[in-house]
1. Against the definition (away from chain B (no Cβ under 14 Å) and either near DNA strand C (Cβ under 8 Å from one of its atoms) or over 15 Å from A:ALA10 (Cβ atoms) (or both)), how does A:GLN49 come out, yes or no?
2. Looking only at residues in the range A:144-171 that are open to solvent by 70 Å² or more (accessible area, probe 1.4 Å) and in a helix (DSSP H, G or I), which one is nearest to A:TRP33 (Cα to Cα)?
3. Does A:GLU73 satisfy the condition of being over 30 Å from A:SER162 (Cα atoms), within 14 Å of DNA strand D (Cβ to nearest atom) and not assigned by TED's automatic domain parsing to the domain that holds A:VAL131?
4. From B:VAL101, B:VAL182, grab the single residue that is touching a Leu at 6+ places or on another chain (Cβ under 8 Å) and among the hydrophobic types (A, V, I, L, M, F, W, C).
5. Residues of the range B:1-34 being among the small types (Gly, Ala, Ser), at the interface with chain A (Cβ under 9 Å from one of its Cβ atoms) and within 14 Å of DNA strand C (Cβ to nearest atom), which ones?
6. Does the range B:84-99 contain at least one residue that is touching a residue at least 40 places away in the same chain (Cβ under 8 Å) and open to solvent by less than 30 Å² (accessible area, probe 1.4 Å)?
7. If I filter the range B:80-92 for residues that are basic (Lys, Arg), within 12 Å of DNA strand C (Cβ to nearest atom), under 30 Å from A:LEU11 (Cα atoms) and not assigned by TED's automatic domain parsing to the domain that holds B:ALA16, do I get at least one hit?
8. Do we find a residue being within 8 Å of another protein chain (Cβ to nearest Cβ), surrounded by 15 or more Cβ atoms within 10 Å (Cβ to Cβ) and aliphatic (A, V, I, L, M) anywhere in the range B:106-116?
Number of protein chains: 2
Amino acid sequence: MSLKYAVLAALLEGEASGYELSKLFDISFANFWPATPQQLYRELERLAQDGLVEARFVQQERRPNKRMFTLTEAGRADLRAFAAEPPRRPTAIRDELLIKVQAMEDPETARALVDERRGWARGKLDRYERVRGRLLDGRTEEEYLRDAERIGPYLTLLAGISFEEENLRWCDRVLAVLGRRVAAG
Amino acid sequence: MSLKYAVLAALLEGEASGYELSKLFDISFANFWPATPQQLYRELERLAQDGLVEARFVQQERRPNKRMFTLTEAGRADLRAFAAEPPRRPTAIRDELLIKVQAMEDPETARALVDERRGWARGKLDRYERVRGRLLDGRTEEEYLRDAERIGPYLTLLAGISFEEENLRWCDRVLAVLGRRVAAG
DNA sequence: ATGCACATGTAATACGTTACATGATTTG
DNA sequence: CAAATCATGTAACGTATTACATGTGCAT
């Protein structure tokens, strides 16, 4: 149900093809609403039938043909109504690593997995910071937040950043604890 | 696929009925692997057929009958193997509020939603701290981590706590930003 | 005696994943 | 010039969520 509004929100940035949306979902929407290309194509189909987006067929010569999608006024209105309602469902997290940590028997094995997670979190943070730099484009955060038309995308990026920072801190703490255990046991 | 191991991990705490598991998933596993009662019953059925858990039928007089489930040695071994493998899928987060923030038009409306989230995060943190107190049971964290048989549940609880702390910080930051915007606009 | 929470499920539907298909462009 | 990656999708299958169903016990 929410995927619908995630797609409409993505189209606030302007006309896009299914493929472009799937890239956008990979790099930025993934932090709060992951979706595979297949989900997006199906959803776009439905949205077009409901008149919330408009599809424009684009014939291409040296590439597969594509369809470009735009928000309609009805879509914009629907999204606006959604954005004003309190969320129906609480935040859901799916994290395989934490199942493994929960079931942990051997500290050495767990250490390796958490260490791997730490490296991956660092990489994600780096990428976020680069996205942030591109958004700010030379301005300070204060300037940006004062002047920018839409600040939503920046605020969700901040959420992604602070999530990964937290993640990193948790990894460090767990590694410290497990290190002591290995030394003791 | 991972739900299977979440259920096995839950049964590490001892024999439990489907209903008891669904309560456990509500209060603690929910932080990293949410599951509805229906999912759990189906999964337990499968696990029993595969010999990874053992079901014991318990006839009750003044309540509906129930089945109690225990890990078998095969289940324990399967879980152990799972816990040693690196995770296949990255962490997934589903957060409706962030879609609304992403699509935000009016700072006043968004403020109300984020403020609500802030209150809810505080409540969750409080409950976590109480669970933590029960686990520690008078000991300091250091004592607990040195002496406890299984520290996995404590480490996943810490993950839940630091996630909510991060959440709270993000809410405060967003509220500050939106407050300035309302004053300016 | 009415309503809420416990305890257990089934059925219908929605959603997500995996595998496949096709052609263009880039890289070694 | 072969292999990898980009760009765009479709089809089949498996998993999850929602709505419904049923009966008990407890509190007011």
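1. Values: away from chain B (no Cβ under 14 Å): yes; either near DNA strand C (Cβ under 8 Å from one of its atoms) or over 15 Å from A:ALA10 (Cβ atoms) (or both): yes.
Yes.
2. Kept after step one, since they are open to solvent by 70 Å² or more (accessible area, probe 1.4 Å), are these residues of the range A:144-171: A:146-147, A:149, A:165, A:169.
Okay, now just the ones that are also in a helix (DSSP H, G or I), so A:146-147, A:165, A:169.
Numbers: A:ARG146: 27, A:ASP147: 27, A:GLU165: 19, A:ARG169: 23 Å.
If we take residues in the range A:144-171 being open to solvent by 70 Å² or more (accessible area, probe 1.4 Å) and in a helix (DSSP H, G or I), then A:GLU165 is nearest to A:TRP33 (Cα to Cα).
3. Numbers: over 30 Å from A:SER162 (Cα atoms): yes; within 14 Å of DNA strand D (Cβ to nearest atom): no; not assigned by TED's automatic domain parsing to the domain that holds A:VAL131: yes.
So A:GLU73 fails the test.
4. Numbers: B:VAL182 fails: touching a Leu at 6+ places or on another chain (Cβ under 8 Å).
Testing whether each residue is touching a Leu at 6+ places or on another chain (Cβ under 8 Å) and among the hydrophobic types (A, V, I, L, M, F, W, C) leaves just B:VAL101.
5. B:SER2, B:ALA10
6. Looking through the range B:84-99, none of the residues is touching a residue at least 40 places away in the same chain (Cβ under 8 Å) and open to solvent by less than 30 Å² (accessible area, probe 1.4 Å).
7. Keep residues of the range B:80-92 that are basic (Lys, Arg), which gives B:80, B:88-89.
Within this subset, residues satisfying the condition of being within 12 Å of DNA strand C (Cβ to nearest atom) are B:88-89.
If we keep only those that are under 30 Å from A:LEU11 (Cα atoms) as well, we get B:89.
Narrowing further to those that are not assigned by TED's automatic domain parsing to the domain that holds B:ALA16: B:89.
There is at least one residue in the range B:80-92 that is basic (Lys, Arg), within 12 Å of DNA strand C (Cβ to nearest atom), under 30 Å from A:LEU11 (Cα atoms) and not assigned by TED's automatic domain parsing to the domain that holds B:ALA16.
8. yes
The values are calculated or read from the model by the stated rules, or taken from the named source; none is laboratory data. These figures come from a predicted structure and were not determined experimentally. Virtual Cβ from ideal backbone geometry, glycine too; neighbours counted across all protein chains shown. Each accessible area value is taken on the protein alone, full model and side chains, heavy atoms only, with ligands, DNA and RNA left out. Shrake-Rupley method; radii C 1.70, N 1.55, O 1.52, S 1.80 Å.
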